[in-house]
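S.K.: Before I ask anything, let me first share the structure, which is written out below as structure tokens.
The values are calculated or read from the model by the stated rules, or taken from the named source; none is laboratory data. Quantities reported herein were computed from a predicted structural model and do not represent experimental measurements. Counting neighbours? That spans all protein chains shown, and the Cβs are built from the backbone with ideal geometry, glycine included. Keep in mind that these areas ignore ligands, DNA and RNA; they rest on the heavy atoms of the full protein, side chains included. Shrake-Rupley method; radii C 1.70, N 1.55, O 1.52, S 1.80 Å.
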Amino acid sequence: MKSLTEHLEFNVPSRRGFVNITPTIEELVRRSGVQEGLCLVNAMHITASVFINDDEPGLHADFDAFLERIAPHEPTSQYRHNRTGEDNADAHLKRQVMGREVVVTVTRGRLDFGPWEQVFYGEWDGRRKKRVLVKIIGE
Amino acid sequence: MKSLTEHLEFNVPSRRGFVNITPTIEELVRRSGVQEGLCLVNAMHITASVFINDDEPGLHADFDAFLERIAPHEPTSQYRHNRTGEDNADAHLKRQVMGREVVVTVTRGRLDFGPWEQVFYGEWDGRRKKRVLVKIIGE
Amino acid sequence: MKSLTEHLEFNVPSRRGFVNITPTIEELVRRSGVQEGLCLVNAMHITASVFINDDEPGLHADFDAFLERIAPHEPTSQYRHNRTGEDNADAHLKRQVMGREVVVTVTRGRLDFGPWEQVFYGEWDGRRKKRVLVKIIGE
């Protein structure tokens, strides 16, 4: 069994944002030498997500508007969590809706993607360093 | 290490719908010969989901009503993504809420399911061909 | 390849509640002897979730309020599923939003967690016995 573990670092300059990490993941799969296996990509922080969807800016604006509608940042006083001195309770909610991780198959040495699948880091409480874990495991 | 990779094809005749794919997954696990391992099932399209829940038509109607309430299809002009000529921005949102994939354990050659767990393909933008990937990996 | 499979049992005394199962999962990883691999933790019931977030009671109250806002328990008659004699349609919806499972990497014999990651069992329809499956697989 082969495995490769890598941590990616992000520092998104705005509160919320999306980063396409597909090329990085593909490169790590090549480096791992795994031909048949699984690739797990997960946010290591609980106010961020890793998810697979389309690389289209209009859609990203729709995601943001949708999440702000169902779990708005303001007023921050509406959340009990923010009584601890935080202002990011909404970011914890957004992360649950969008997910923590994706598991992608590796087949014949490549990520087995559908036509439009792209892996994104989703930031819900940025302007600080955060990490994503990539683990590739197989033979 | 053994592995089996299979692509399932769907063409749901309506915009939204659910297909119970549990028997197909069980048959693939048998064919794989894997006794101890993991089974990943994921939508290869970003306007579809794979999820595990109950096979009860009333519940499926509730899922549909819930998703239409929080991310309605109409008016399609409310979404920036639809300015690209698409009308399926809502389907991308519904997919995020319902999820892309499930990972199920294989134990003693069988899917290790709870009493009511059934695997569904969830279509949010149908009337076209789409695929689901099944990968079983283990020993 | 090594693997360890374990079922955890819960009987949450209220309708909804959260149980931090991180120490149990860590102990199972130690017992498995796996140094490099994956750990899958999933609810075996379709009105419960396993998810990773913060162990902060205010945040848990926010999760509960958020889920009740987008998928309220009352009035139970608003859901088609409840015509079957159940009153838990909302619990099926809450489970989809919060997720069924998490996959966590095992690196050098330990769960590779970010600074605040804690694994929770989320109950949406309690006062009955339910189970969670833990499978650790690797070398």
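S.K.: Give me the Å³ per residue figure for the convex hull around the C-alpha atoms of region A:8-84.
M.R.: Dividing the Cα hull volume of region A:8-84 by its residues yields 141 Å³.
S.K.: Moving on to the next point. Would you mind listing how long chain C runs along its three principal axes, going by Cα atoms, in whole Å with the largest first?
M.R.: Largest first, chain C extends 51, 30, 22 Å along its Cα principal axes.
S.K.: Which of the helices in chain A meet the span-like rule: DSSP H, Cα axial reach of 18 Å or more, Kyte-Doolittle mean at least 0.0?
M.R.: The qualifying helices are A:57-70.
S.K.: Tabulate in residue order the Karplus-calculated ³J(HN,Hα) for region C:123-139, using 6.51 cos²θ - 1.76 cosθ + 1.60 with θ = phi - 60°, rounded to whole Hz; enter x for Gly and Pro.
M.R.: Computed from phi, the couplings for region C:123-139 are 9, 10, 7, x, 6, 7, 6, 9, 10, 10, 9, 10, 10, 10, 9, x, 10 Hz.
S.K.: Something else about it: Tell me: how much accessible area in total is hidden between A and B, 1.4 Å probe, Å², nearest 100?
M.R.: Counting both chains, the buried surface is close to 2500 Å².
S.K.: Here's another thing I want to ask about it. Work out the mean other chain Cβ neighbour count within 10 Å for the residues of C:109-118 and drop it here as an integer.
M.R.: Average neighbour count from other chains, rounded to a whole number: 4.
S.K.: Next question, about the same structure. Kirkwood hydrodynamic radius (Cα pairs, Å) of region A:87-139?
M.R.: The answer is 13.6 Å.
S.K.: 5 Å is the cut-off here: which amide hydrogens, built 1.01 Å from N in the peptide plane, fall below it relative to B:Asp125, excluding neighbours closer than 5 in sequence?
M.R.: The answer is none.
S.K.: Could you give the length gained on full extension between B:Thr107 and B:Arg83, defined as 0.36 nm per residue of separation minus the Cα-Cα distance, in nm?
M.R.: Between B:Thr107 and B:Arg83, full extension yields an extra 3.9 nm.
S.K.: Okay, next question. Have a look at B:Thr105, B:Thr24, B:Thr84 and tell me which one the Gaussian network model of chain B (Cα, springs below 10 Å) gives the largest fluctuation.
M.R.: Among B:Thr105, B:Thr24, B:Thr84, the largest mean-square fluctuation in the Gaussian network model of chain B belongs to B:Thr84.
S.K.: Return the single residue from C:Phe113, C:Phe51, C:Phe18 with maximal mean-square fluctuation; model: Gaussian network over chain C, springs between Cα atoms under 10 Å.
M.R.: Among C:Phe113, C:Phe51, C:Phe18, the largest mean-square fluctuation in the Gaussian network model of chain C belongs to C:Phe113.
S.K.: What does the helix-only formula give at 222 nm for chain B: each DSSP H stretch with n ≥ 4 adding -39500 (n - 2.57), the total divided by the residues, and the result rounded to the nearest 500 deg cm²/dmol?
M.R.: -8000 deg cm²/dmol
S.K.: I've got another one for you. How much accessible area per residue does chain B have, counting only protein heavy atoms and a probe of 1.4 Å, in square angstrom?
M.R.: In whole numbers, chain B has 38 Å² accessible per residue.
S.K.: Between region B:78-131 and region C:5-66, how many Å separate their Cα centres?
M.R.: About 23 Å separates the Cα centre of region B:78-131 from the one of region C:5-66.
S.K.: For B:Ala65 and C:Lys2, FRET efficiency with R0 = 35 Å and r from the beta-carbon atoms, rounded to 0.05?
M.R.: 0.15
S.K.: Take the alpha carbon atoms of the protein assembly as shown, find their radius of gyration, then divide it by 2.2 N^0.38 Å using N residues; give the quotient.
M.R.: Cα Rg divided by the expected 2.2 N^0.38 Å: 0.91.
S.K.: Which of the residues in region C:79-108 lose at least 30 Å² of accessible area when you go from the chain alone to all protein chains together (probe 1.4 Å)?
M.R.: With the partner chains in place, region C:79-108 has these residues losing at least 30 Å²: C:Arg80, C:His81, C:His92, C:Leu93, C:Gln96, C:Val97, C:Arg100, C:Glu101, C:Val103, C:Thr105.
S.K.: If you don't mind, another one. Can you tell me which of A:His81, A:His92, A:His45 moves the most in a GNM of chain A? Springs connect C-alpha atoms under 10 Å apart.
M.R.: Of A:His81, A:His92, A:His45, the Gaussian network model singles out A:His81 as fluctuating most.
S.K.: Just the number, please: carbon plus sulfur as a percent of the accessible area of region B:16-104, 1.4 Å probe, no ligands or DNA/RNA counted.
M.R.: 47
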